[in-house]
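Heads up: the structure comes next, in structure tokens.
The values are calculated or read from the model by the stated rules, or taken from the named source; none is laboratory data. Note that the structure is predicted; figures quoted are calculated from it, not measured. Every residue, glycine among them, receives a Cβ derived from its backbone with ideal geometry; neighbour counts consider all protein chains shown. Just the protein is used for accessible areas: all its heavy atoms, side chains included, with ligands, DNA and RNA removed. Shrake-Rupley method; radii C 1.70, N 1.55, O 1.52, S 1.80 Å.
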Amino acid sequence: MTALEQRAPATPPAPARPPSDHDRDRRARRWSERGWALFFLGPQLVGLVVFVVGPLLFAMGLSLTKWDGLSEPTFVGLDNFARQLTDETFLVSLRNTLFFTVLLVPGELTCALLVALALHTVRGRVLYRLFYFAPVVTSSVAVSVVWLWLLNGEFGPINAYLRNIGLDPPNWLVDTRTVIPAIALVSIWRGLGFTMVIFLAGLQAVPKEYVEAATVDGAGPVRRFWHVTLPMLSPTILFLAIMSFIGSFQVFDIAFTMTRGGPGDASYTLVYDIYDLAFTQFRFGDSAAVAVVLFAILLAITLVQLRMQRRFVHYEE
């Protein structure tokens, strides 16, 4: 620093500018917007805390105890987890659920995408959507009862048709090899309408400019689908894959109504195990431990899928 700079008087700080009317109006608008946002989101947040976060925390606490629903809970630490993770019934239910997931997720996504592509350009889409969506809003018990008749090994119409064409059909819900595929078939049929409607919305959001540019470049229908439509549908596929994975691991109602976990334990799933431990054996601590393990599995699968989106999911810029 030079001598001239040392002798130069210090510049006094600028006085604080009082807030103008514009600043006060902008601040008031911001608080008003936050207030309205809280007003509309408040009921949802309360419901989330009461019906999701609260039961989840309660289940985590219950999983550390031994409780039959009547006596006082006894803290046992991680004993419930250690017992269930090595229990043969839990391992069988996990294997059955994984088998069901492997059949359901790709089957549902593929069938729904094919149906959506078929309906994307036809007339009367609204009427077709109604037909395909009807099973989604139908009671799962009613759906199961209808399919119990359709898949009956003795007088079911499906086996009668297969015999007429010279095939030897299995007894779908009695054979241990076909019971999970049969339940997966019913689940795909019931959930096809919802997945198809989401795919239709994704197809309608594909920019026509991209399709027209690919057509001008000489791309045929198959190349347009693989290189234009499918990449633009990747966010939709990611969402549906996550929802389908979660739904497949939570399968219960159809298996309970159609087979009661049988034959033997061939259709005994994770959620069925949770139900059986809690409301048949009254081992609420063990049931909560299996529920926490199920939550951890779904969380891990969802995080992996979200991590993979960086490589496989393409968003329009």
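Name the pairs: first residue in region 94-116 and acidic (D, E), second residue open to solvent by less than 40 Å² (accessible area, probe 1.4 Å), Cβ to Cβ under 7 Å, at least 6 apart or on different chains?
E108/I188; E108/G191; E108/L192; E108/T195; E108/S244
If T269 meets every condition in (1) more than 24 Å from P181 (Cα to Cα); (2) touching a Phe, Trp or Tyr at 6+ places or on another chain (Cβ under 8 Å) apart from one, which number is that one?
Among (1) more than 24 Å from P181 (Cα to Cα); (2) touching a Phe, Trp or Tyr at 6+ places or on another chain (Cβ under 8 Å), T269 violates only (1).
Let me spell it out: the conditions are (1) outside any helix (DSSP H, G or I); (2) open to solvent by less than 10 Å² (accessible area, probe 1.4 Å); (3) not acidic (D, E), and L200 meets all of them except one. Which number is the exception?
Every listed condition holds for L200 apart from (1).
Evaluate region 219-231: report whether one residue or more is touching a helix residue (DSSP H, G or I) at 6+ places or on another chain (Cβ under 9 Å) and open to solvent by less than 10 Å² (accessible area, probe 1.4 Å).
no
Go through (1) at pLDDT 90 or above; (2) open to solvent by 60 Å² or more (accessible area, probe 1.4 Å); (3) closer than 24 Å to L56 by Cα for I274 and report which single condition fails.
(2)
Give, as residue ranges, the helices (runs of 4 or more DSSP H) completely inside region 78-188 that count at least 3 residues that are surrounded by 15 or more Cβ atoms within 10 Å (Cβ to Cβ).
Ranges flagged: 79-85, 88-119, 125-133, 140-150.
Report, ordered by the first and then the second residue, all pairs with beta carbons closer than 7 Å, sequence separation of six or more or different chains, a first member in region 46-67 that is closer than 17 Å to F282 by Cβ and in contact (Cβ under 8 Å) with a residue 40 or more places away in the chain, and a second member that is open to solvent by 60 Å² or more (accessible area, probe 1.4 Å) and of a type in the set (F, W, Y).
Note: pairs meeting the criteria are T65/F75.
If you take the residues in region 113-163 that are of a type in the set (S, T, N, Q) and under 27 Å from the mean Cα position of the chain (by Cα), which one is farthest from I254 (Cα to Cα)?
T138
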